[in-house]
1. Using only the alpha-carbon atoms of region 9-48 as identical scatterers, what base-10 log of I(q)/I(0) does the Debye formula give at q = 0.26, 0.35 Å⁻¹?
2. Can you sort M42, M8 by solvent-accessible area, 1.4 Å probe, largest first?
3. Could you derive backbone 3J(HN,Hα) for region 39-45 from the dihedral phi with the Karplus parameters 6.51, -1.76 and 1.60 (θ = phi - 60°), listing whole Hz in sequence and x where the residue is Gly or Pro?
Amino acid sequence: MARRRGIMSESFKIELAKELGFYDTVKNEGWGGIRARDAGNMVRRAIEIAEQQLTGAGKHND
């Protein structure tokens, strides 16, 4: 099975990991070291940011 290319940029994922408090794990162990719950929270937060951008309710700076 072929690997899918990531949709989120590496810098955006790092920003989310810092915001959600698990960047140290990413830094020390890589993305494979995070818990499934943290990955889910990261996706949830990315969706919230995207929805805010679509509705114009907030801006996200990269």
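The values are calculated or read from the model by the stated rules, or taken from the named source; none is laboratory data. All figures in this text were calculated on a predicted structure; none of them were measured in a lab. To get the accessible areas, we keep the full protein, side chains included, count just its heavy atoms, and leave off ligands, DNA and RNA. Shrake-Rupley method; radii C 1.70, N 1.55, O 1.52, S 1.80 Å.
1. -0.85, -1.39
2. In descending accessible area the options line up as M8, M42.
3. For region 39-45, the Karplus-derived couplings read 4, x, 5, 5, 5, 4, 5 Hz, x marking Gly and Pro.
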